[in-house]
Structures are given as C-alpha cells and as structure tokens.
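Bear in mind these aren't lab numbers, they're just calculated from the coordinates by the rules spelled out. The model shown is predicted, which means the values in this text are computed figures rather than measured ones.
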Amino acid sequence: MKKSRFTEEQIIGFLRQAEAGIPVKELCRKGGFSDQTFYNWRSKYAGMQVSEAKRLRELESENAKLKKLLAEAHLDIHALKGVFGVKR
C-alpha cells in the first residue's frame, strides 16, 4: 500500500478545518491534494480523534499480518494434501 504524504494528525486537522467552514476547494488547494482524496479521508476518518486514527492504523497492520499467516497456513495444508493425498 502506498504511504501517504500526510500523517493522521494532518488529515484530521484538514477535516476539522473543513468542519469549521473553510471551503473544500480552498482547503485542497492550500494542502496540495485533490478533492477526491479529501472525500476519501472524510469517509475513513470522519469523527475520529488522532488517538483513534493511530489505533486504526495499528489494527490494520495487525490484520494484514494475520491474513498473511492464514494464507501461508492454507498453502501448507494444500501442499501437504497434495503430497500425502486425501483419505477417502
């Protein structure tokens, strides 16, 4: 996954500025990102505090590790079934 140029703190700061009344177009121009990026951030981080966003990132990385371990376990099981055969 591509690493963002902006931290969670900065993203949440941009969202707070938009909630305060700054137009989205102006905020995007000043921040150097697109409207679509802003709306993606808003759908992901809306209503979050900075600590919650950090916890979300930790959970996502942990989830990715667990998915990788599960995929490796399934590959091992499939390989063992291929070598030893399946009981009938």
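Here are some notes:
- Structure-derived Cα Rg over 2.2 N^0.38 Å - corresponding label in (1) 1.31; (2) 1.73; (3) 1.03: (2)
- Region 61-86 versus region 22-54: alpha-carbon centroid distance in Å: 38
- Couplings for region 15-21, taken from phi via the Karplus curve 6.51 cos²θ - 1.76 cosθ + 1.60 with θ = phi - 60°, read 5, 5, 5, 5, 5, 6, x Hz in order; Gly and Pro are left as x.
- Where only DSSP H runs of four or more residues are counted, the chain gives -25500 deg cm²/dmol as its mean residue ellipticity at 222 nm, each run worth -39500 (n - 2.57).
- Lysine pair count for region 8-84 with Cα-Cα distance under 27 Å and sequence separation of 8 or more or different chains is 14.
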